[in-house]
Amino acid sequence: MNIVTSDQVAQLADQLSSTGDLRIARLDVDIDPFDFARTGAALVDRAVALSTPNGDRRVGLGTAWHTQASGPGRFGDVARSLGALRDRDVTLFAGYSFLDEVRTDGLWRDYAPAEAFLPRIGIERVEGVSRLSVAIPRGEDPAPTLDLLASMKRPEWLPVVDFGDHAIESHPTVAEWAGLVESAVKAIGADELDKVVLARSVRVDSSESVAILRVFRQLAVSYPQCFNFAWKSHKSVFMGASPELLASVQDGVFTSNPLAGSAPRGEGEDEDDAIGRALLGSVKDQEEHRLVVDDMRNRLGDVVTDLHVPEHPILKKMATVQHLSTTLSGTVGAGTGVLDVVAAVHPTPAVGGVPREAAVEYIAANERLDRGWYTGGLGWITPGGDGEIAIGLRCGIVNGSRTTLFAGAGIVGDSVPRDEVGETRLKLRPLLDLVAST
């Protein structure tokens, strides 16, 4: 059965019959966006699927318009490029790396330091209403895109019979990474830093190619309280289940939810509550969290007004880990968009450290891995400045049968290497459990 009826394709064709600049057609439909992702992602070189904690889903297939930028002004450059889009209500997808430059010959070669794209075929379900859109670049015939849309079938459910065998390696080794944590604690003790976030990676080589869309759909089912994402760029897919909202701007209202300070979940309700109370009372974790919130408060002053910062953090409980959590809120003025907020706060101490510049330099000199978009961010934006950007966490990049997963921990003066290793193992579990299932 086709996902889109012939009558619906004809309605879209009527809307696209004019000539001139970028043309966009829209139609309300009764379709699950993830059915589009499962059917069409393999047919295009760029595709994104997103789900958010409030239940919204967004999917984009193919590229109607694209921009990318690098260097210290990358977010402003992308925002200015959006001015070329006259339709201010279109939804684009945006993503960026931890550093403002990325290697062009490595794991992240298909991902720019910052980029945004308008999909040729997009579908979003927001507040329970699904809308399909088709975008055709200037001078192009809409027929091939509409033919592709008309050919898409509703996906059949197929059981997973064999996940294959897996070889798992840590890079650097766990012992080496624990040594890096110990060195960072010494640097903090010598007043070179207040906090630094160190990351490590785990590589999974599977005998079978990773079933991307099945893994992604299971992420969305298992971690509904997260920002679940899968961003395909050519032959690579960056995917994960992030618990952390960096910035949301919608109709002038700003929200952010920094997380810092972590502990495992308990086996039962009593143990879980006891661990949570210990986390709330932990001097080490409270200090780690305070560094993040104070830095964001200071950096948001130029772009957010009426900023509200709760006096104390609360617990945010995920499936495998619980965090200290603070929700910041406020308003932004006319002309200030979500990318302006991102430019002001990235990288936060939750992914970099304090002081910012010293921590980033320490990471670059000592970490021994290419973060790429891990601890960068991604989400959706509009040319008018609205959008929602989550930090790229609990994630990995998939290339065929090889998956590279990432996790990190915030290191402060009281950090214990063994405990930080345990924290990264908890953070690796959401995707590792699915990719390396047996």
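The values are calculated or read from the model by the stated rules, or taken from the named source; none is laboratory data. Since we're looking at a predicted model, the values are computed, not measured. Note: ideal-geometry Cβ built from the backbone for every residue, glycine included; neighbour counts use all protein chains shown.
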Discussion item. Looking only at the stretch 1-42, count every residue that is in a helix (DSSP H, G or I) and under 23 Å from the mean Cα position of the chain (by Cα) and tell me the total.
Written reply: 10
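Matching residues to (1) assigned to a loop (DSSP other than H, G, I, E, B); (2) on the phi > 0 side of the Ramachandran plot; (3) surrounded by fewer than 20 Cβ atoms within 10 Å (Cβ to Cβ); (4) of a type outside the set (Phe, Trp, Tyr):
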residue: ASP77; (1), (2), (3), (4): no, no, yes, yes
residue: ARG80; (1), (2), (3), (4): no, no, yes, yes
residue: ASP89; (1), (2), (3), (4): yes, no, yes, yes
residue: THR104; (1), (2), (3), (4): yes, no, yes, yes
residue: ALA112; (1), (2), (3), (4): yes, no, no, yes
residue: ALA116; (1), (2), (3), (4): no, no, no, yes
residue: ILE123; (1), (2), (3), (4): no, no, no, yes
residue: LEU146; (1), (2), (3), (4): no, no, no, yes
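Assigned by TED's automatic domain parsing to the domain that holds ILE136, polar (S, T, N, Q) and within 21 Å of HIS346 (Cβ to Cβ), is that true of SER81?
Yes: the conditions hold for SER81.
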Practice prompt. Of the numbered conditions (1) in contact with a Pro (Cβ under 8 Å, 6 or more places away or on another chain); (2) charged (D, E, K, R); (3) under 22 Å from THR39 (Cβ atoms), ARG200 fails exactly one; give the number of that condition.
Written response: (3)
Practice prompt. Select from the stretch 207-233 the residues that are polar (S, T, N, Q) and buried (at least 20 other Cβ atoms within 10 Å of the Cβ) and write down the one among them that is nearest to VAL354 (Cα to Cα).
Written response: ASN228
Practice prompt. Test GLY71 against the criterion of being modelled with pLDDT of 95 or more and more than 19 Å from the chain's Cα centre (by Cα), and give yes or no.
Written response: yes
Discussion item. So, SER97, is that one more than 16 Å from the chain's Cα centre (by Cα) and either outside the structural domain of THR348 (by TED's automatic domain parsing) or closer than 27 Å to ASP35 by Cα (or both) or not?
Written reply: no
Item to complete: Specify which of the listed residues (ALA187, ALA175, ALA230) is assigned by TED's automatic domain parsing to the domain that holds GLU361 and closer than 30 Å to GLY62 by Cα.
Response: ALA230
Worksheet item: Looking at (1) part of a strand (DSSP E or B); (2) without any contact (Cβ under 8 Å) to a residue 60 or more places away in the chain; (3) buried (at least 21 other Cβ atoms within 10 Å of the Cβ); (4) not hydrophobic (A, V, I, L, M, F, W, C), which is the one condition that is false for ASP306?
Response: (3)
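So that you can scan it fast, the table gives a plain yes or no per residue for (1) assigned to a strand (DSSP E or B); (2) farther than 18 Å from GLU244 by Cα; (3) touching a residue at least 60 places away in the same chain (Cβ under 8 Å); (4) out of contact with any strand residue (DSSP E or B) (no Cβ under 8 Å at 6 or more places or on another chain):
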| residue | (1), (2), (3), (4) |
| --- | --- |
| ALA358 | no, yes, yes, yes |
| GLY384 | no, yes, yes, yes |
| ALA390 | yes, no, yes, no |
| THR403 | yes, yes, yes, no |
| ALA409 | yes, no, yes, no |
Practice prompt. May I ask you to list the residues in the stretch 309-343 that are assigned to a loop (DSSP other than H, G, I, E, B) and buried (at least 19 other Cβ atoms within 10 Å of the Cβ)?
Written response: PRO313, MET318, THR326, VAL332, THR336, GLY337
Worksheet item: Tell me, which residue of the stretch 243-284 that is polar (S, T, N, Q) and surrounded by 22 or more Cβ atoms within 10 Å (Cβ to Cβ) is nearest to LEU405 (Cα to Cα)?
Response: SER262
Worksheet item: If you scan the stretch 187-203, which residues turn out to be surrounded by 21 or more Cβ atoms within 10 Å (Cβ to Cβ), more than 17 Å from GLY392 (Cβ to Cβ) and under 24 Å from the mean Cα position of the chain (by Cα)?
Response: LYS195, VAL196
Worksheet item: When you go through ARG299, ARG290 one by one, which is the residue that is assigned by TED's automatic domain parsing to the domain that holds LEU259, over 30 Å from PRO383 (Cα atoms) and not β-branched (Val, Ile, Thr)?
Response: ARG290
Worksheet item: Tell me, which residue of the stretch 411-438 that is in a helix (DSSP H, G or I) and acidic (Asp, Glu) is nearest to SER236 (Cα to Cα)?
Response: ASP433
